[in-house]
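Quick notes on the structure that follows.
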Amino acid sequence: MNNINRGTVVTYRVRLARNLSGYNFASTLNDKQKAKEIINRCYSAISKFGVFDLYEMDKVSSLTAEQLKEKYVISEALRKNTFSGAVAVDKQESLSVMINEEDHIREQCIVKGEYDLLTAYKKLVPLDRWLNNNLRFCKSEKLGYITACPTNLGSGLRASAMMFLPALCKKNMIETLYLKAKERGLTIRGVFGEGSSGQSYLYQVSNEVTLNRQDLYLVNEVQKYTQEVADIEDINLFTYYNENRAKVQDEVYRAYGILTSARLLSYNEFSTLIANLKMGAMLKIIPVKEILALDDLLVTARPALLKNSMINLNDLGDERAVNEAIDWFRAEYVRNCLKKIIT
């Protein structure tokens, strides 16, 4: 198993930006009826392709919207768009279509890091072709797909890899990677995209330019750089460990001790500890059945997703009592999950 499949890449995502002819861009779409018309037209075409659930941001609860964001199904911008936003999601939550985000349509496919970007792209292409045949997209023979943001003009494709980079964070090498990526028309962002931080050592590598670029060229370029970054992380992780053996082992075993014993666990503390535990698993300090299970736990222990499993939360009264109940539940949930993950 190479370093990518060993945990360095968490997920791969391919996203396609598209707009319908005859409507303002989503950012200037002030007519509620027109916005609803776009949702109806898009979902009608999507539902004929396969089984997708529709979530309209003005109809779902704030908790449901936050859960969709926590699972990377929607962006923060769409979560906030209660005027015209919606998303259609397949049963596996691998394929989804955001409607009236920055563009009228943002199709995306997310696969786990055991696969690759080409797998995600091949899964998304049939949906895009179907929608292209059933909806009239804005397209120019010279420029390609017309998008709200000039950086998406052309293919409208954004290929990205969510990467776990503890060694490069600890050795302050992220800025160097960013500059190298920039030279190749790529970029590095935080865990939730542009403007977000590298929480839990997580960063996204993606293409920045789409104009005059073929889809497969972009997919291959991002995949190639992802492999290079994974190789650099792999070398530096073991170098950092050899140079700081006592410190790293202390971080890993402290994380293990707290995660398997704590009775109250905030998400911020948990996300730091689980990242250190994963680093220990990659270094084989802590034996685990499957490293990718730790990535799943990082998502499922998020606040909104945990609330979905909790009962009588609204009966607790004040915010402090609610937060404490969530932290207690998270600690128990994490302990139980780790019993199944750690060998």
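The values are calculated or read from the model by the stated rules, or taken from the named source; none is laboratory data. Predicted, not measured: the structure shown is a model, and the values here were computed from it. With ideal geometry, Cβ positions are generated from the backbone for all residues, glycine too; neighbour counts draw on all protein chains shown.
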Segment 270-302, subset among the polar types (S, T, N, Q) and surrounded by fewer than 22 Cβ atoms within 10 Å (Cβ to Cβ), residue farthest from Lys71 (Cα to Cα): Thr272
Thr147 vs. criteria under 24 Å from Gln204 (Cα atoms), of a type in the set (Val, Ile, Thr), crowded, with 21+ Cβ neighbours inside 10 Å and out of contact with any helix residue (DSSP H, G or I) (no Cβ under 9 Å at 6 or more places or on another chain): yes
Flag for Ile188 being in the same structural domain as Asn220 (by TED's automatic domain parsing), surrounded by fewer than 19 Cβ atoms within 10 Å (Cβ to Cβ) and without any contact (Cβ under 8 Å) to a residue 60 or more places away in the chain: no
Helices (runs of 4 or more DSSP H) (entirely within segment 3-120) containing at least 3 residues that are in the same structural domain as Leu165 (by TED's automatic domain parsing), free of Cβ contacts under 8 Å to residues at least 40 places away in the same chain and of a type in the set (S, T, N, Q): 32-49
Members of segment 124-158 found to be in a strand (DSSP E or B) and more than 22 Å from the chain's Cα centre (by Cα), listed by number: Phe137, Lys139, Ser140, Gly144, Tyr145, Gly154
Unique residue being more than 25 Å from Thr226 (Cβ to Cβ) and not aromatic (Phe, Trp, Tyr) when the list is Glu76, Glu93, Glu66: Glu66
Verdict on Tyr267 being more than 27 Å from Thr64 (Cα to Cα), of a type in the set (Phe, Trp, Tyr) and either surrounded by fewer than 20 Cβ atoms within 10 Å (Cβ to Cβ) or in contact with a strand residue (DSSP E or B) (Cβ under 8 Å, 6 or more places away or on another chain) (or both): no
Selection status of Tyr72, at pLDDT below 95 and either crowded, with 17+ Cβ neighbours inside 10 Å or closer than 23 Å to Ala161 by Cβ (or both): yes
Flag if Thr272 is of a type in the set (Val, Ile, Thr), over 24 Å from the mean Cα position of the chain (by Cα) and at negative phi: no
Meets criteria (modelled with pLDDT of 95 or more, acidic (Asp, Glu) and surrounded by 16 or more Cβ atoms within 10 Å (Cβ to Cβ)) for Glu37: no
Which numbered condition Glu175 misses (of (1) exposed (fewer than 15 other Cβ atoms within 10 Å of the Cβ); (2) over 25 Å from Ser75 (Cα atoms); (3) in the same structural domain as Thr8 (by TED's automatic domain parsing)): (2)
Any hit, segment 152-170, residues being surrounded by fewer than 16 Cβ atoms within 10 Å (Cβ to Cβ) and in the same structural domain as Gly50 (by TED's automatic domain parsing): no
Test set (1) of a type in the set (Lys, Arg); (2) surrounded by 21 or more Cβ atoms within 10 Å (Cβ to Cβ); (3) outside the structural domain of Asn336 (by TED's automatic domain parsing) - Arg213 fails condition number: (2)
